[in-house]
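A short write-up of the structure that comes next.
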Amino acid sequence: MARRWTARMVWALLAFLMVPGMLAGCGGKKDAEGVLQDLERKAKSIQGYRAEGTLTIATGAHPVDYAVEVKHLKPAYYRVSLSNAAGGIRQVIVKNDDGVFVVTPNLGKTYRFQSRWPENQSQVYLFESLVRSIAADGARVFEAADDGYVFRVKAEYQNRLLSTQKIWFDKRTLAPKRVEVLDADDRPLVVLVFSRFEWNPPLRPEDFKPDAAGEKPSSSAGETAPASAGVEYREPLWRPPGMELIGVEKKPDGSYTLTYGGAFRLTISAQPARAVEVVAPSGEPVWLSGGAIGVLTRIGELTTLRVTAGGVDYKLTTVDLAREDLLRVAESLLAPAEK
């Protein structure tokens, strides 16, 4: 009897010792695959989220900070606000049942088009986009810290300088905490620090209208917006080898047109921003490193990039310039002059 009781005690002791190990395997320390599965489940189960943070861009001569606000309501409502108080920049991307809108509120400028955004682009400020980038990189690197998880994955952004990105998630809530996009030398060129991230907030479809929360244009169509105080003449600081300036046309109001030829053909026009809604059948919003949000459209061989910055409407058109090079030209056109 004593031997049988001792055997039972041994088995009970073994079972007791095994339980913590089993629990650790289920909900304790996890590997990259387990955390990725949790993140994907989270992305599928939530109805939406609201986030705020600070975005720091260090691709230019001096780092620039932007306040970012994000709202998302399933299945496909988005509202992303990007603002820089020092530079007077504020732009908003809205997606609803009517399409995608890029709005510059203080100028009353609205671009409207149909697009697969954000499914067709990586977005540093969208949770589901971050999760997709992790799932897409089979060579992902993972680290589990005491208070969260860190992934290092390939960066899929339009800027060729951006090589990899590191993403921090809260261990308890799985909310993103920080994102760093690095160049080939591991220098952070884009850093987003979330100050707030709320799952399933009380959002309604009405919150995703272009005129919601002060996004209604401040001037009537056809009138020059108050912020337009003339057009500063600019030429892009960068252009691809073999592309040369072959023509300049200036108008009395400061508007101008630059014509480039040679290896590549490109036309750049600049005029005072006007409070109108520009409608295109299709397109995509593109975020430029200077903080402005442009609209890229393509009809046949003609590619057009429209962007409003500093009270000026810029339009870049080309038939043979690569997309990345077109965006790089635009970024150099909007870059502040070196002092």
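The values are calculated or read from the model by the stated rules, or taken from the named source; none is laboratory data. All figures in this text were calculated on a predicted structure; none of them were measured in a lab. Cβ sites come from the backbone with ideal geometry, for glycine too, and all protein chains shown count toward neighbours. Each accessible area value is taken on the protein alone, full model and side chains, heavy atoms only, with ligands, DNA and RNA left out. Shrake-Rupley method; radii C 1.70, N 1.55, O 1.52, S 1.80 Å.
Structure notes:
- Every residue from the stretch 285-302 that is closer than 17 Å to PHE113 by Cα and within 21 Å of the chain's Cα centre (by Cα): PRO285, VAL286, TRP287, ILE293, GLY294, VAL295, LEU296, THR297, ARG298
- The residue that is nearest to PRO285 (Cα to Cα), counting only those in the stretch 87-109 that are open to solvent by 50 Å² or more (accessible area, probe 1.4 Å) and part of a strand (DSSP E or B), is ARG90.
- Residues considered: ARG160, ARG132, ARG112. Of these, the only one that is open to solvent by 50 Å² or more (accessible area, probe 1.4 Å) and assigned to a strand (DSSP E or B) is ARG112.
- Unique residue being among the acidic types (Asp, Glu) and outside any strand (DSSP E or B) when the list is ASP320, ASP313: ASP320
- Annotation note: of PRO226, PRO252, PRO241, the sole residue that is farther than 30 Å from TYR49 by Cβ, in a loop (DSSP other than H, G, I, E, B), modelled with pLDDT of 90 or more and out of contact with any strand residue (DSSP E or B) (no Cβ under 6 Å at 6 or more places or on another chain) is PRO241.
- Test: residue in the stretch 186-199 that is assigned to a loop (DSSP other than H, G, I, E, B), at pLDDT below 95 and open to solvent by 30 Å² or more (accessible area, probe 1.4 Å): yes
- Only residues that are in contact with a Ser or Thr (Cβ under 8 Å, 6 or more places away or on another chain) and farther than 16 Å from THR56 by Cα were counted across the stretch 187-201, and they come to 2.
- Only one entry of TYR149, TYR125 meets the criterion of being in contact (Cβ under 8 Å) with a residue 60 or more places away in the chain, open to solvent by less than 30 Å² (accessible area, probe 1.4 Å) and either part of a strand (DSSP E or B) or more than 25 Å from LEU288 (Cα to Cα) (or both), and that entry is TYR149.
- Qualifying residues in the stretch 57-84 (those that are open to solvent by less than 20 Å² (accessible area, probe 1.4 Å) and of a type in the set (A, V, I, L, M, F, W, C)) - the one nearest to ALA335 (Cα to Cα): ILE57
- Qualifying position, being touching a residue at least 40 places away in the same chain (Cβ under 8 Å), more than 30 Å from ASP97 (Cβ to Cβ) and of a type in the set (A, V, I, L, M), among ALA135, ALA139, ALA144, ALA155: ALA144
- Selection status of VAL319, touching an Asp or Glu at 6+ places or on another chain (Cβ under 9 Å) and either of a type in the set (A, V, I, L, M) or modelled with pLDDT under 95 (or both): yes
- The stretch 239-269, residues that are open to solvent by less than 20 Å² (accessible area, probe 1.4 Å), farther than 26 Å from PRO63 by Cα and under 27 Å from the mean Cα position of the chain (by Cα): LEU266, ILE268
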